[in-house]
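Right, one structure below, let's go through it.
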């Protein structure tokens, strides 16, 4: 295994910059390791997931909660393996693939990685633009440009250290969680029926929505991201220290991804309690926002929905640009200024988003986010 130099380290500007304290309590050590998994978790609750969760709840009630749970368990397994690769081998997934496969295979994997990031980023960009439109009345086209370029401003946080960026993402994740906790309270679901939804059950009709939920959960670029982010911790080089780091990162991953599961479950539960109960089929985010207020009888429901949508979209698009940087540097061993790389990623999403919005008929502002990525 070739030795990595300073110029080829994964995320070299923040590599091993977070010290791991010794001779401290369990909670303090866990806090030192906490962070990478939360950046990864936002990809599992992005606007692309919302569309499938809303449709699943509106059409089939609580029946498909078990699909969310199984998807989450698979995500925990894959993300844990990716984190262990970074900790033990000192490589991110892109670097490991480049070293293990032929050059042609490496290029093919890089292209697939970029396509996955662009597809996911398109849904996240549109989701945030829709949130701005719902909350402030900003036209979708303007919202796309605002969302596209404010990402570069937020990434200035990284100049103050990866912990600041992690804290900012955690605030956005907490905002999404708080909004939907209130939504669940307002919707008053039937909890005994919710529990029944954890029993696996599929019909010929629900199969397609279940596949859509699974497809929206697939986040290949998160594996590249996680394997790099864990290397921001200054983990010791002994086997015992690496084993300890793997254990704490497993705990961090389990907590963070279960938080993402709870958010997705909350979206499906709200959809089932409000729309399925009233016989309303909802397949679009804008439609859900318009119906929440009259069905729940409070404008707070619609406002919380839009705030959560903006927070989810913005946090997801931030981590997507980081994954793009990791993929390019790992597969191609080609480094450009991070700001330029992030601008390229934004443009790859902005251009198709502008085309999609421009092609819509005047007055028709309904955009399918699930089709932007997984349909």
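The values are calculated or read from the model by the stated rules, or taken from the named source; none is laboratory data. Every value quoted in this text rests on a predicted model; they were computed, and no experiment measured them. So basically every Cβ, Gly included, is an ideal-geometry build from the backbone, and we count neighbours across all protein chains shown.
Just a few scattered comments:
- With respect to (1) buried (at least 18 other Cβ atoms within 10 Å of the Cβ); (2) outside any helix (DSSP H, G or I), the lone exception for residue 212 is condition (2).
- Residue within region 15-32 that is under 27 Å from residue 122 (Cα atoms), touching a residue at least 24 places away in the same chain (Cβ under 8 Å) and assigned to a loop (DSSP other than H, G, I, E, B) present: no
- Helices (runs of 4 or more DSSP H) contained entirely in region 103-189, each with at least 2 residues that are buried (at least 18 other Cβ atoms within 10 Å of the Cβ) and at pLDDT 90 or above: 103-136, 162-187
- Filtering 4, 69 for residues that are surrounded by fewer than 24 Cβ atoms within 10 Å (Cβ to Cβ), at pLDDT 90 or above and touching a helix residue (DSSP H, G or I) at 6+ places or on another chain (Cβ under 9 Å) leaves a single hit, 69.
- Taking the criterion of being surrounded by fewer than 22 Cβ atoms within 10 Å (Cβ to Cβ) and either assigned to a helix (DSSP H, G or I) or under 23 Å from the mean Cα position of the chain (by Cα) (or both), the residues of region 232-244 that qualify are 239, 240, 241, 242, 243, 244.
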